[in-house]
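Worksheet for the structure shown next.
The values are calculated or read from the model by the stated rules, or taken from the named source; none is laboratory data. Here the structure is a predicted model, which means the values were calculated and not measured. Quick reminder, even Gly has a Cβ in these numbers, built from the backbone with ideal geometry, and neighbours come from all protein chains shown. All accessible areas refer to the heavy atoms of the entire protein, side chains included, with ligands and DNA or RNA removed. Shrake-Rupley method; radii C 1.70, N 1.55, O 1.52, S 1.80 Å.
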Amino acid sequence: MAKFVLIGSGLAGGLLAAYLGRRGYDVDLYERRADPREANIVGGRSINLAISTRGIHALEKLGIADEALQHAIPMRGRMIHDKSGDMHFAPYDVDPKKCINSIGRAGLNTTVIEAAQRYPNVHVHFNHKCTDVDLETATAHLVDSSVEAGVSPARAIPAQGDAVIGVDGAFSAVRQSMQMQISGFEYDESYLAHGYKELTIPPGPDGSWLMEKNALHIWPRKSFMMIALPNPDGSFTCTLFWEFKGPRSFAAMKTDEDVRRFFEEEFPDAVPLMPTLLQDFRENPTGSLVTIRCAPWFYRDKVCLLGDAAHAVVPFYGQG
Ligand SMILES: Cc1cc2nc3c(=O)[nH]c(=O)nc-3n(C[C@H](O)[C@H](O)[C@H](O)COP(=O)(O)OP(=O)(O)OC[C@H]3O[C@@H](n4cnc5c(N)ncnc54)[C@H](O)[C@@H]3O)c2cc1C
């Protein structure tokens, strides 16, 4: 049976390893991060995400949809919050069963990795960072990226397969190797003028949800917006999408008072629900939003890209 070397155990990598494992292929999956079951790692992306028909279909085909969705929260429509604090519910469908779901990214990632590991022919190697790939020989070079490895120069370990698949996300090392080794390789990355910051609405005292649980909450404000998705513990993860620069922007927020004033003006009904707003705003990173396109996305039958490595898309298209 052919052997595949996969780089990256995110949502696409874990799922792909399970699909290949089920077909009996030998799979070595290398991930630069530690095992998410041992370390509290979310991966620098959203804490929760919306999953709908497309994602559920992929899980169903592996027989893991029920397991993955057991803690997901159905969101039956958008709860739109206007500036006066009034709310309007816009259902996604007349049939309430046709909805999207809020799901924890870390839990979903663990479920797909564990689904892959049920096949004895799939081996997952955490703390292995791919530095580059030799396209002709389908060989990935990996270094130990564990904390213990520290800063000492690491020796690259080769991993050869019949094919290498880069599922290593938007900033793919596999794609970078293709860019360097394939003449005429086309690559385009475009960043939005908006970044994002995650904030929290904690659970109520009895673990209840302080806003409608079964909705995707949106505070639309023309050039920017905040959204909030429910979590099983009663909290909501809010994401503020806002310009990086400008008179009203992330960069313009110099003091806690600036932040408080902005939120009270724009999201007055959310502020009383966000006791850690100022601390979250100060301490949580501001992420960037990028669209990446490349061509070709494969090299002969030796190397190919899948997931965000092949085509990262800003999260406003209902990826699901
Ligand atoms: C703010 C935000 C919100 C989003 N919300 C949604 C949503 O609600 N619904 C939805 O469907 N999608 C959403 N997305 C998009 C979704 O997160 C991505 O499409 C998805 O994570 C892509 O999966 P992936 O496995 O291709 O890449 P990733 O999830 O990025 O996984 C890549 C993996 O590769 C590993 N890796 C990277 N480099 C190396 C290396 N050199 N060596 C070894 N391993 C490496 C990484 O550690 C990671 O584990 C959102 C994205 C963002 C930024």
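Points to keep in mind about this one:
- Check on Asp258, part of a loop (DSSP other than H, G, I, E, B) and at negative phi: no
- Each residue in segment 238-252 was checked for being in contact with a helix residue (DSSP H, G or I) (Cβ under 8 Å, 6 or more places away or on another chain) and closer than 23 Å to His81 by Cα, and 1 pass.
- Hits in segment 248-271 (condition: under 13 Å from Ser223 (Cα atoms) and open to solvent by 80 Å² or more (accessible area, probe 1.4 Å)): Arg248
- Candidate set: segment 99-134, residues that are more than 14 Å from the ligand (Cβ to nearest atom) and of a type in the set (D, E, K, R); chosen: the one most open to solvent (accessible area, probe 1.4 Å): Arg118
- Residue list for segment 176-207, restricted to those being open to solvent by 70 Å² or more (accessible area, probe 1.4 Å), of a type in the set (Asp, Glu) and within 16 Å of the ligand (Cβ to nearest atom): Glu189
- Conditions (1) within 11 Å of the ligand (Cβ to nearest atom); (2) modelled with pLDDT of 95 or more: number failed by Ile41: (2)
- Complete set of residues in segment 219-235 that are within 19 Å of Ile103 (Cβ to Cβ) and either surrounded by 17 or more Cβ atoms within 10 Å (Cβ to Cβ) or among the hydroxyl-bearing types (Ser, Thr, Tyr) (or both): Ile227, Ala228, Leu229, Pro230, Asn231, Pro232, Gly234, Ser235
- Which numbered condition Arg54 misses (of (1) more than 10 Å from the ligand (Cβ to nearest atom); (2) assigned to a helix (DSSP H, G or I)): (1)
- Strands (runs of 3 or more DSSP E) completely within segment 151-209 that count 1 or more residues being among the polar types (S, T, N, Q): 157-160, 186-201
- In segment 271-313, residue farthest from His194 (Cα to Cα) [restricted to those that are aliphatic (A, V, I, L, M) and more than 11 Å from the ligand (Cβ to nearest atom)]: Val303
- For segment 61-98, the set of residues classified as open to solvent by less than 30 Å² (accessible area, probe 1.4 Å) and modelled with pLDDT of 95 or more consists of Leu62, Ile64, Ala65, Ala68, Ala72, Ile73, Met75, Gly77, Met79, His81, listed by residue number.
- Filter result for Phe316 (open to solvent by 60 Å² or more (accessible area, probe 1.4 Å), within 11 Å of the ligand (Cβ to nearest atom) and either more than 30 Å from Ala252 (Cβ to Cβ) or within 15 Å of the chain's Cα centre (by Cα) (or both)): yes
- Test for Phe241: is it open to solvent by less than 60 Å² (accessible area, probe 1.4 Å), more than 26 Å from the chain's Cα centre (by Cα) and not aliphatic (A, V, I, L, M): no
- Test for Leu20: is it closer than 22 Å to Ala173 by Cα, modelled with pLDDT of 95 or more and either more than 9 Å from the ligand (Cβ to nearest atom) or surrounded by fewer than 18 Cβ atoms within 10 Å (Cβ to Cβ) (or both): yes
- Val259 outside the structural domain of Ser172 (by TED's automatic domain parsing) and free of Cβ contacts under 8 Å to residues at least 12 places away in the same chain: no
- Test result for Asp28, at pLDDT 95 or above, within 14 Å of the ligand (Cβ to nearest atom) and surrounded by fewer than 23 Cβ atoms within 10 Å (Cβ to Cβ): yes
- Taken over segment 210-230, residues that are under 15 Å from Leu273 (Cα atoms), in a loop (DSSP other than H, G, I, E, B) and of a type outside the set (Lys, Arg) amount to 3.
- Among residues of segment 272-300, those that are part of a strand (DSSP E or B), closer than 19 Å to Arg261 by Cβ and among the charged types (D, E, K, R), counted: 0
- Residue within segment 123-137 that is part of a helix (DSSP H, G or I), over 25 Å from Gly55 (Cβ atoms) and either at pLDDT 95 or above or out of contact with any Lys or Arg (no Cβ under 8 Å at 6 or more places or on another chain) (or both) present: no
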